[in-house]
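> First the structure, then my questions, so here it is.
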Amino acid sequence: MTHSGRDVLTVVDLATYVKVPKSTVYKLAQEGKVPAQKVEKHWRFHKPAIDQWLADRSDDEIRGTTR
């Protein structure tokens, strides 16, 4: 399966997309809480997987807070 460049997000892209700090993206990726792949030492995120991940979670879960 091939994906267009728009389907692959970097840490900066994802942080902007979900409106969280880059440090939160790194933490979520390192803890395996967000669908991600590491290419050498760089994290990459498949946008359709991220969209599904967002749909399945509340804002509090993504930010690591509870009400």
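Computed from the coordinates by the stated procedures, all read-outs in this text should not be read as laboratory data. Here the structure is a predicted model, which means the values were calculated and not measured.
> Run the numbers on segment 5-63 and let me know its relative contact order in percent, using alpha-carbon pairs under 8 Å that are six or more apart.
36 percent
> Ok, one more. Can you pull the Rg over Rh of segment 5-63, Cα-only, Kirkwood?
0.91
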